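Chemist: Structure incoming, see below.
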Amino acid sequence: MARAATTTDVFNAVAEPRRRQIVDLLATGERPVNELVEQLQLAQPQVSKHLRVLREVGLVTARDAGRQRLYRLHPPALRPIHAWVAGYARLWSERFDRLDEVLAELTEQGDGDDH
Amino acid sequence: MTTSTATVTLPADTQILITRRFAASRHQVYRAWTEPELIRRWWHANRAEVTEVQVDLRVGGRWRYAARTPDGFEFAFYGEYREIVPDAKLVTTEIYQHAPDDPALTTATFAAHGDGTMLTLLFEHASQAARDAQLQSGMEDGLQDALSLLEELAGSLS
């Protein structure tokens, strides 16, 4: 798949370990930035920068609640990554379907099942 | 023929785990997995012509599978057998010809499952980048498939 050069697609966005950590933390629920700062033990500007990248690719959304800004995960943005794994799964599914045919033949021959 | 689906998961950043059930005995699945004439018949995945299958099935022995896609791209995988338990387990190293610096360790286990066999295939890479490159190979091979799937999914989810 052709990828954008900068962090404008979800593949690049989650290629960064800290951003994957943020995704993992948000997977358990909505959180304010200071909680993320605490959990990640990073400076707030860094966390905000990572959150901005995640928001740009649509993986994270933000809403204001009183004086806090809450961040939450938007899982459908991970769809291209699912599709990517699905492509690999299909390669093996096709292999295994052919393997089924080979096995059916071995069974028919009554061969290879002697123990 | 009804077939089960292969399940692919990523248990760790450096791993790929594939499981699939087969309606055959462990011995039959192991044979199809290790005998060159049988390997030739399934390893192509309908995407390439298998040009070479070498199997020297002993610890320290080498294996090598090569193929050519319809558009002329040639590729090979090769490695060494590390552990062999007939009808039960096979551990090999695995190197993709076009990424020779990133060997993986592959463990195939064949377990009785009802009247069939559960195959578990674990790929362990040295780095996430190398693991991702292996996943990416499926994307390239099945690019068209994957793109249409993406389109379908995008269409079905607002």
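We did not get these values from a lab; they are worked out from the coordinates using the rules stated. Since we're looking at a predicted model, the values are computed, not measured. Methodologically, a virtual Cβ is constructed for each residue, glycine included, from the backbone with ideal geometry; neighbour enumeration extends over all protein chains shown.
Chemist: Note down the net charge around B:ALA108, summing +1 for each Lys or Arg and -1 for each Asp or Glu among other residues with Cβ under 15 Å from its Cβ. Before the final figure, lay out each step's value.
Modeler: Working: positive: A:ARG95, B:ARG20, B:ARG21, B:ARG26, B:ARG31, B:ARG82, B:LYS89; negative: B:GLU35, B:GLU80, B:GLU83, B:ASP87, B:GLU94, B:GLU124.
Once positives and negatives cancel, what remains is +1.
Chemist: With each pseudo-label sitting 7 Å past Cα toward Cβ, what's the A:GLU56-A:ARG18 distance in nm, one decimal?
Modeler: Computed distance between label sites A:GLU56 and A:ARG18 equals 1.4 nm.
Chemist: Do the sum for chain A: with -39,500 (n - 2.57) for every DSSP H run of n ≥ 4, divided by all residues, what is the mean residue ellipticity at 222 nm, to the nearest 500 deg cm²/dmol?
Modeler: On the way: 5 runs with 66 residues, N = 115.
Helix-only estimate at 222 nm: -18500 deg cm²/dmol.
Chemist: From the phi of every residue in the stretch B:5-12, what ³J(HN,Hα) in whole Hz does the Karplus formula 6.51 cos²θ - 1.76 cosθ + 1.60 yield, where θ is phi - 60° and glycine or proline is x?
Modeler: My calculation for the stretch B:5-12 gives 9, 6, 9, 10, 10, 10, x, 8 Hz in order.
Chemist: Under unit Cβ charges (Lys, Arg +1; Asp, Glu -1), what dipole magnitude, rounded to 20 debye, does the protein assembly as shown have relative to its Cα centre? Could the numbers behind the result be given before it?
Modeler: Values: 30 positive and 39 negative charges, 286 e Å.
My answer is approximately 1380 debye.
Chemist: Taking loop as defined by DSSP and a crowding limit of 16 other beta carbons within 10 Å, which chymotrypsin sites (Phe, Trp or Tyr not before Pro) in the stretch B:1-101 fit?
Modeler: Details: sites: B:PHE22, B:TYR30, B:TRP33, B:TRP42, B:TRP43, B:TRP63, B:TYR65, B:PHE73, B:PHE75, B:PHE77, B:TYR78, B:TYR81, B:TYR96; in loops: B:TRP43, B:PHE73.
Listed in order of number, the matching sites are B:PHE73.
Chemist: Determine the shielding of peptide A:25-36 by partner chains: average, over its residues, the number of Cβ atoms on other chains within 10 angstrom of each Cβ.
Modeler: Values: counts 0, 0, 0, 0, 0, 0, 0, 0, 0, 0, 0, 0.
That works out to 0 on average.
Chemist: Let me ask something additional. Classify the protein assembly as shown as rounded, prolate or oblate, taking a ≥ b ≥ c as the square roots of the eigenvalues of its Cα gyration tensor: rounded when a/c is under 1.5, otherwise prolate if a/b is larger than b/c and oblate if not. Don't jump to the answer; show the numbers that get you there.
Modeler: Details: a/c = 2.21, a/b = 2.19, b/c = 1.01.
Prolate, since a/c reaches 1.5 and a/b exceeds b/c.
Chemist: Using a 10 Å cut-off on Cβ to Cβ distances, tally the other chain neighbours for every residue of A:71-81 and report the average as a whole number. Mind dumping the intermediate values first?
Modeler: Details: counts 0, 0, 0, 0, 0, 4, 0, 0, 4, 4, 2.
Mean number of neighbouring Cβ atoms from other chains: 1.
Chemist: Identify, among A:PRO17, B:TYR65, A:ALA83, the residue whose Cα sits farthest towards the positive end of the charge dipole of the protein assembly as shown, taking +1 on the Cβ of Lys and Arg and -1 on the Cβ of Asp and Glu, with the dipole about the Cα centre.
Modeler: Checking the options against the dipole of the protein assembly as shown, the answer is A:PRO17.
Chemist: List the relative contact order of the stretch A:45-115 as a percent without decimals, with contacts defined as Cα pairs under 8 Å and 6+ residues apart. Mind showing how you got there, number by number?
Modeler: Numbers: 31 pairs, mean separation 11.3, N = 71.
Taking the mean separation of contacting Cα pairs over the length of the stretch A:45-115, I get 16 percent.
Chemist: How many partner chain Cβ atoms sit within 10 Å of a residue's Cβ in peptide B:24-35, on average, as a whole number? Write out the running numbers ahead of the final one.
Modeler: Working: counts 9, 7, 2, 6, 9, 5, 1, 6, 9, 2, 0, 3.
Counting Cβ atoms of other protein chains within 10 Å of each residue's Cβ and averaging gives 5.
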